[in-house]
Structures are given as C-alpha cells and as structure tokens.
Amino acid sequence: MAMSDHNKVLELISQENWEAAAHAMERLDPSEVADLLQKLPFEQQQNIFGRFQVDFAARVVGHFPYYHQYVLLHSRGPEAMRAIVDKIDADDRMRFFDELPEEAWQHLMDELSGAALPHPQRPQVQPVSKPKLPGPSAVVEPIIEARQVQKFYEQPDGNRIEVIAPTNLTLEPETIIALLGPSGSGKSTLLRMLSGLSSPSSGQVLWHGKPLAETHPNVAIVFQSFALFPWLTVCENVEAPLAALGMAKQEREQRATQALDSVGLKGFENAYPKELSGGMKQRVGFARALAVEPEVLFMDEPFSALDVLTAENLRSELMELWMAKKIPTKSIFLVTHNIEEAVLLADRVIVLGRNPARIRANFRVNIPQPRERSAAEFTVYVDYIYKVMTQPQADIAFPSVPGKPPKTKFQMLPHARPGGIAGLLELLNDRGGREDLYHLADELRMEVDDLLPTVDAAVLLGFATLEAGDMIITPEGQAFGNATISAQKPLFREAALTHVTLLQQMKSALDRKSDHALPLEFFRDVLDEHFSQEEVEQQIETALNWGRYAEIFTYDSEDERLILHDNGLSEKAQTERG
Amino acid sequence: MPEQTNTRSGAPPWGIFPAGSSLLRDLPIVFAGLAVFYGIISFAHYGIGPMNTEAEIQLAPSALPKYALFSVIRIAAAYALSLAFTFVYGYIAAYNKRAEKLMIPLLDTLQSIPVLSFLPGVMVAMVSLFPTRQLGVELGSILLIFTGQVWNMTFSFYSSLKSIPREMREAAKIYHFSWFQRFIQMELPYASIGLIWNSMMSVAGGWFFLMACEMFVLGDRDLRLPGLGSYLQTAANEGNTRAILAGLATMILVIVLMDQLIWRPVIAWSQKFKVEQVEAVETPTSPILDLLRRSHLLSLASSWTTVPAREAFMQHFARMHKERRKAGKHSAVIWYLIGATCAGALAYGVVRMLRMVAGVSWPEWRAIFIGAGATFLRVEFVLLVAALWTVPVGIYIGLRPRLSAIAQPIAQIAASVPATALFPIILLLLIRLGGGLGIGALVLLLLGTQWYILFNVIAGASAIPTDLKEVCQIFKLSKGERWRKLFLPAVFPFLVTGFVTASGGAWNASIVAEYFHFHGETISTVGLGAVISDATNRGNFDMLLAATIVMALMVVTINRLVWRRLYALASTKYKLET
C-alpha cells in the first residue's frame, strides 16, 4: 500500500502534475516526504511544497536543515509562511530560529511580523546629533529627546565611574517603549534622567525641544515598590499630586474617584494601603499616576513585586485602557527586566548592555495588539532579545557597528553562587550537555535576569560556552557537574585560578605577604577604580564567596582580613586529577 | 470609622448641635480645655510680674497643685521649643550636605554636655534680656530644660528624614509637592513614631533634671523658681521627710497622668504612621484616644479650623511652588553668607573658649582629671551592675509573653519616676545606715540608667524567633548552651542599644548624683559631675568650661571607640534577619 503510494507519487512527479503529487504526498509519512523531496531538483521541490496544506507543510519542513527550511518556507506567500511557522512544533521552531544566521533570521522576523519597515532593528549607536528612527516615527516630533546623556560618579580620587555611556534616545507620541536590561545596568538611572528626577552628568534631555530643567514636564511614575504613603487613605494618596497642582478639594475628589474607578478600586477610597493586597496597591499607584493625566507615564518595574497572575491581569487591564484611549497619556516608558513583558506591551524595545550602560538594540515590535505569547513572531522577538542579552560582547544583528573603542575592561564577576553554578551544570549534563537558554530558564521557572549571572559565571569559569542562544557544557564543566560535593571544590579552585583575574590577583598578593594575610580594604581600593561603589561591594561579596568556596583564602569578618588558605588542598587536587 | 466619612462629605446642618448623649461624652474634653486655659493664664500672670528670684518655697501640701502645674508648663514649653529646634536643625542637616558635615558632629558633642554646664550662659543671657521681669529667669529655666531634652529628638528626626525610602521621596518630587505638603504628608508622618518615643524619653529626662533646673546658685545669687523641683529640693534641704514624700507622690501622680492622658493616646494614634506592608495583629490602644475620636465636638472643631487651615496652606504653598519653579532656583549666595557667618561665630567661640580654659590652674586640672577618672569608674561599674541583673531578668521576662504583658507596664511606671526625686529618701536611708554619697551616687546612677538596658533586653528576648527556640528544643540543648548559643547573642544588639543610651545618661546624671544639698549642707563625692556642679555654684566659669570640655570629650571618645564599634558588630554579626 505504502509502496504503491510512493510509486504513484513518483509517477505524478515525472508527469509534472504538481497538484496531484502534493495531494498524494499528504498521505505519506512526513519524514518519508522529506526524503523524497530532497532527491528532487530544487524547482520541483518548491513546486510541490508550495501546494501542501499548511498543517502538512509544517510537519514536513521540520525534517530539513535550517537553510533548506528557510528557502522552502519562502516558496510560499507571506500569509501562508506565517501560518506554517505558527504550526511548526515549538521545539523544532526554536531550533530553527537558533540555527539561522543573524541576517536571515532578521529578514524572516520582518516577514513574519508583517513589517512595513525593511529593517526593523536599526542600531542607534552612531553618534549623530539627531538620531533618526526608521519609518513614520521620524517625521513626528518626539516628546522627550535625550542627546548624548551620560551619567558618571566622581570618586574622591578624581576617578570617574561611568554608569551610562553617552546615549541618544527619543520618545515619540502614541508609543509604548520598553527599556530592557539586566539588573544593575542603569535602566532606572536612565528613567530618572528622562523623567527629570535626576540630571545627567553630561548631555541634555529635551522636553518638546526645550531643556527639561527649564520646563515643567507633566509626567508620572509608577514605582516598583508602589511608593504609596501608608498613613494616607487610598483616596488621599491619589489626591496628593492633585493637591500639589493647587486643585480645589471638590475637583480633586472627583478626579481621584474617577481614576480609582478606572482601575477597578471603587469602594476602597477610605481604605489604607496596608489593608490592600500587592496588586491592589499597585492599582492605587496607577490611579495616582493617571489622575494627573500625564503626557508621559513612566513605569519602573511596575509588575515585578507582584505575583505572576496578578501581574498578568494588571498588564492586560493597562493595555485595555491604553488601546481604548481611555487615558490621556501620550506615551509610556516602561523599565523592565522581563523580556516577555517587554514584547507583550511595547511598540519599541530598547535593550541596554551594562558596565557602562549603552544601547545594544533598539527596534520596533511589529505585532498587532492584543499579542499572544504562543504566536510564532512573539517567540521570534523573545528569542532575539535573549540572544542580545546572553552575548554581551557580540553585536548581534548589527555586525557593522563602527568604531567602538577597544577598551580593556576589568573583568566583572557575575553575581552567582558556586552551588548555583554546579546545579545548572548538572541540569545541563542531564539534558545532553547542550540546551537552549530559553528552555533552561523555563524549566527552572526563572526569569532570565536571575539565570543569567549563573550562566555568565559558568562561561567565565570555562565550564560552558554559549553558542547562538544555546549553552554547551565543556569537558571541565562536565567533570565539575558530575563530581561529588567534596571533589567539586578542587575543580572549582582550578577553574577560578585559571580564569578569574580578581582571584588570581588576590592569591598572588596573599602569596607575596610574609604573613599571608591582607585587609579586605586593599582589594576594595583596587576595585574602586573600575566599578561604582555599589558594584564594588557586589564584586567583593562574589569574590569572597568564590574564594572561600575554592579554599583559596579564608576570611575573618571581624577584622575584615583575608588569610591565605594552607596549601594542602591544591596538592590534593593535583593528585586527584593525576 | 463612620465619623470620618460623616465630616468628610459635609455634615447635615442639624449635626452642628451635638446630640444629648454625645454632649455627656464631650464633657471631660470641655473641662480639660478650660483647665489648660486657666493654667496658662495664671502662669502668664506670674511670668510678667516683677522679678522675685528668691521666692519662698512653701512646703505646705496645699501649694503642691500650683507647683506641679508650673513645672508641667515649664516642661511643656521646653518641649515645644525642642520640637521647633528639632524640625529646623534636623531639616537643614538632612538636606544640606555641606551643613550636615558640621551639624551632626556638633550635635553629637552638644548631646554629651551635661545640663548644668549650660546654666551660667543661659541664665546670664536671659536675665539680661529681661532684667526686671520674672520672664527672664523663667525663660532661662525653660532653656535649661530644653538643653536636656532636645538632642536625641533632633537625632531621631534627622535619621528618619535620611531613611525615607527613595521611591517615596521620588514620588513627592515627580508630583511636585510643595515643601509644606512634603512636610505634612511625608516627612512628619514618616518621622513621627521615632519622634514620639524620643519625646517620651526627653520629657522623662526633663523630670529627672527638674530639681537642678528650678533651683540653683549662680555666683552670689540664689535662684529658685516655684515648682515641683524646687519644692523637693527645699524639702530635702530642710530634711522634711513628710514634704519629700508628698512632693514625690505628686510628681508620680503627674507623670502617670501624663502617661495616660498624653503619651498613650499619642502612641495609639501614631500606629497609623507605621510603615508596614500588612496590618499588625496587636496594636496599642488607648481609651482616651477612643474618647477623643468619638467626640463630636472635636471633629466639628477640626472641620472648622484645622481642616480648612491645612487646605488653605496646601493651596498657598502649591501656588508658591509653581512660581518658584518658573522663577528657577534662587542664588546660593545667601546660603554661603549664612554658612560663613555661622562658621565665623563658631571659630570665634572656639578661640574665646580656649583662652578661658588657659586660665585654669594646674591643681584645678588635677582635680578635673581625678574627678573624670572617678566618674568613669563609677559609670562603668553602674553599667556592669545594671547589666548583671537586667540581662537575666530581661531575658526571662522577654521569653514569656504572658509575664512580659504584666511586667512591662509596671517596669514602665517604675522607670518613669525620676531617680532624682527619690534621691533624698535614699540618702536619708543611707545616712541612717552609715553610708555616704559615695554609695548614694552609685545607687542614683543605677536607678537612672538600668531601665534603658532592661527595656531593650526584654524587647530583644521577645523578638527571638520561635523556630530558633524550637531548634534548641529539638537538639536538646542544655540550659547553659541555650543561653550561650541563642539568648545572649540574640539580645546583644538590643543590649548595645541599651548601653549606649544608659552610658550617655549616666555621665549626664553624675552632675546631680555626686553633689547634693541636704539638711542645709552640701554633700559631695569625688567626681567630674561634682566638679561641674561645684564650679557652677561658685561661679568659677573657667573651671566649669574646662570640666565640661573634658566630660564632652570623654563621652564622645567612648562613644566612638567602644559603643559605635560594638554597634557595628551587633548590626552585622548578631542581627537576626527575618
């Protein structure tokens, strides 16, 4: 039976009856069809594939290597192509996207999202005084324009710690912009400069073309910690900014009630914030922000302190208000570390790199609202951002960024714990030594922000490598992940002393001292020249954590001194490895 | 709270006349108001009368109510002054970085100067300001009480301002709060709990030093002001035991009444300013507060006075704020001028002070240093004894919630009785038993300081988490081990806090403990406090200044070298994190 079908198909192909051949093939096993197609000349493949039903095409296409998939997909029109990609099995799709070269991936993403723009991701790194955005937005006058804003902190010794590299940024009307970045990347600092809460160290922020300091911008902020006044009732909290505007009591109350009504808090006017749940508190935060009818609404991680369900709920309600134009706000600027949240809400996403912060990607998200997480193009965007964030050194998708000063940077330790690294490697081992980061994070039920430091640490220590969004274990990593707890220490020690500059420096400094002890302050001073105050503390904490785990040194917390660990361990490690 | 909503949305016209039952409820408030009014009138009448510094203090019990009233008014006036000073000083120190560097160490030093050392300067200034009126001496006495209670309040307010959460502060800024709105809606509520506790301590301190502040010798003038303090002092001088007891009873009655009528309601009311995420299960309550809250008269009065007044202020400052923003910031020149003037005055003061101190002869220096050594030993011994009994007792009580519910109020009343008032009786007993002021001073210091330690230890022990106690049970730790491994380390931070307060208090109290007028003669023992008191009495200002500087230096040095380090250790190593 199968044999006869097979022959019948071959016969139909020889007759060049593509319609019938495609129809006949649909009764065969997809893998068999893939084999058959591969043996045909390319034009014939296209002829047949172009006539498959969407479902069947999706099942067949996964059996081809990525370049082949790519061309086959392009034998269909954009509508059909999108439908097929949607139907491909999620794992296959993810692998396909991962394997595609950037150029092709980018192109495909445009097509899938039905982009009107030829190149949705245009880096904004060129230091032009007037950054042009692609498409129609370039014509519209921006509400806020940041020109070469920079933030640095002056150290007592005159050293400058750069937190945010000179950055250009515009906020156009009718847009939601999401600013993404790992924690400590300066997202919040940038938000505070744009909103006028703090002023840039150099550069300028313009509000409708005038310097921000000389105008009074009508903005509001929704804070991560809600920042409500616990001693004021819900209504008084919402009224407070209106009172600051000099509004009369009656009008104030009316506006506040209206705002509370719009976020679904009617009836809670006389409650105190502490009587409310987290989600309701943030609703008050939104009501307070919306009551002043701000031109720009800033949101600083507004959903991070809420549980997943509440956050999802609040997000969709906000989008409803925004889409239905029930709020007079012209533009929303959202700071978040949650990639999905950014893709879900934003018209434009800006990804920040850190140390110092600079824009690594700035692109439009061309998916119509309301957006579905399960849609193919949604994953495309999410995956793309993962790639940008997981490869801090590479300029993903923008290989032609010119003239970046080759700066020798002090190696920065990711804030991860040895136990976490071991756990991640163990998991990776179980999954065959190679796994997509997206899946890893998903499996661990973690945000990428929480997982990344551990991933970075594993890479830094030579336990793993990253390749196109995949984490691949190295032989050293395999040994470490599989070792018993006591055997892990010497392996970690060896890796740390080979790869981690700071720990090398610490060890050699301690070696050189006759009493093998040094105050921690000494190393703090070394780090002070490279990092901000806060980061120095984090670096010290991580270095202490790793160094003590690796038994490179012990730490006397009372005297704040480091003491070289006696050398017994390293010899033991030598013999164990030999 | 139906009353609140009632007044909020405009009461119906017949609501102006309180219903019959509520008039009964309001009666106590009406009477209290009239009493306060009468008190102020009679005090004012006496204040503007001609100077009568050598007023005969009548020991008849019938004079006691008047004396008590005068003392209360003095303490209240000093407290109001302290509050005003606290707001201004704390505000400037918290918001002006340059001023902060000077103002905080200055506050630290001022705090370590004993009350009596301020006496000559304050008195001379005030009497020369109002040479013929009683007002001058009165103001001097009030200022003296002020110097005894202001510093810790200022510290508390300053540190509260510094610890307002960043996002809350940013909310006030982004919504353009005027300074008035910021003050009444954010800063004052945030600081209120700390300020109230410190106010209680300050007022207790006022009672402690009342005897020294109402009756003193200044050079050749013997100044005495009608009041409870001078009553007790006179009774002690004459050795009139019955009068001493009557005075003591009155004082305790006044203190207990103030606790019930003022502090309890205020504390219960201040619970709404607690910055907490969820509502506490148990909150302090006060029947007086309930009475006030239920009062129609009061809510009517406030809806006619404070509510519209606050509204008007808010509007006014909101307008001012807007105009200020338009006009831009005004020049810093004025501030530089003020700063320079202050710095100049300070420098001049230091030079004058050093020249004065240069006049102190060698034997006098010797006396000062011997006294300093003696007081140092005395204070440390007292702290040791206090710790020896309060730590075990405090832990025992703190671990038993039911016991501490009974013991806490009793201990609080015991602590609120100023040790100085008890002093005559103790001395009487001691002299009968053959002891002298040497032991008496120790007893007085102990009585004055042990409570701080006891309260803190109880608080610490009751804060030990249950799971830690259960761990001890599961592992069957012996009693000794439990104390060493859990109880003592857990109360350590609290113990240090108690020690810091007790140590400062003991140094200050040494001036009244080491030098006493009794039975028509002056008894004193070797000590720095005695040196200061004696120098004040004899009008030897050089000596007074030198001894004061030595005491301030010693207190500040001990704080820096010992307590601050222990505090740092306590807040890192021994902090129980939840």
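The numbers here are math on the coordinates, done by the rules we state, and not lab data. Keep in mind it's a predicted model, so treat the numbers as computed, not measured. Positions of Cβ are backbone-derived with ideal geometry, glycine not excepted, and every protein chain shown enters the neighbour counts.
General observations
- When the Cα positions of B:127, B:358, A:85 are compared along the charge dipole of the protein assembly as shown, B:127 comes out farthest toward the positive end, with charges on each C-beta of Lys, Arg, Asp and Glu.
- Cα gyration tensor shape of the stretch A:197-280, rounded if a/c is under 1.5, else prolate or oblate by comparing a/b with b/c: prolate
- Cα-based shape type of chain B, given that a ≥ b ≥ c are square roots of the gyration tensor eigenvalues and the cut on a/c is 1.5: rounded
- Between residue A:149 and A:167, A:204, the built amide H atoms are under 5 Å apart, and every one of these is 5 or more places off in sequence or on another chain.
- Report summary: the helix-based calculation at 222 nm, which adds -39500 (n - 2.57) for every DSSP H run with n ≥ 4 and divides by the residues of chain A, gives -14500 deg cm²/dmol.
- With a 10 Å cut-off around each Cβ of A:237-244, the average count of Cβ atoms from other chains is 5.
- For chain A, dividing the convex hull volume of the Cα atoms by the residue count gives 210 Å³ per residue.
- Charge dipole magnitude, Cβ of K and R +1, D and E -1 - chain B, Cα centre, debye nearest 20: 1760 debye
- Net charge dipole, the stretch A:135-372: roughly 340 debye, given to the nearest 20, about the Cα centre with Cβ charges of +1 for Lys and Arg and -1 for Asp and Glu.
- Qualifying trypsin sites (Lys or Arg not before Pro) for the stretch B:540-575 [loop in DSSP, other Cβ within 10 Å: at most 12]: B:573, B:575
- Inter-label distance for residue B:485 and residue B:309, nm, one decimal - labels placed 7 Å from Cα along Cα-to-Cβ: 6.0 nm
- Dipole magnitude of chain A about its Cα centre (Cβ charges: Lys, Arg +1; Asp, Glu -1), debye to nearest 20: 1320 debye
- Value at 222 nm in deg cm²/dmol, rounded to 500, when DSSP H runs of n ≥ 4 in chain B each add -39,500 (n - 2.57): -25000 deg cm²/dmol
- Taking the convex hull of Cα positions in the protein assembly as shown, its mean projected area over all directions (nm²): 60.4 nm²
- With 24 Å as the limit, the listed pairs A:281/B:272; A:281/A:326; B:274/B:469; A:210/A:330; A:274/B:573; A:8/A:87 have B:274/B:469; A:274/B:573; A:8/A:87 beyond it between alpha carbons.
- Cα gyration tensor shape of the stretch A:135-372, rounded if a/c is under 1.5, else prolate or oblate by comparing a/b with b/c: prolate
- Mean Cβ neighbour count within 10 Å, used as a protection proxy, ranking A:156-162, B:210-216, B:307-313 highest first: B:210-216, B:307-313, A:156-162
- Average beta carbon contacts from partner chains per residue of A:229-235, 10 Å cutoff: 5
- Net lengthening on full extension, residue B:369/residue B:345 (0.36 nm per residue, minus Cα-Cα): 5.7 nm
- Contact order relative to length of the stretch A:135-372, as percent, for alpha carbon pairs under 8 angstrom and 6 or more apart: 28 percent
- Furthest towards positive pole of dipole, A:474, B:561, B:251, structure part the protein assembly as shown, Cβ charges: B:251
- Estimated vicinal HN-Hα couplings, Hz - the stretch A:244-253 in sequence order (Karplus 6.51, -1.76, 1.60; Gly, Pro = x): 5, 7, x, 6, 6, 3, 5, 5, 4, 4
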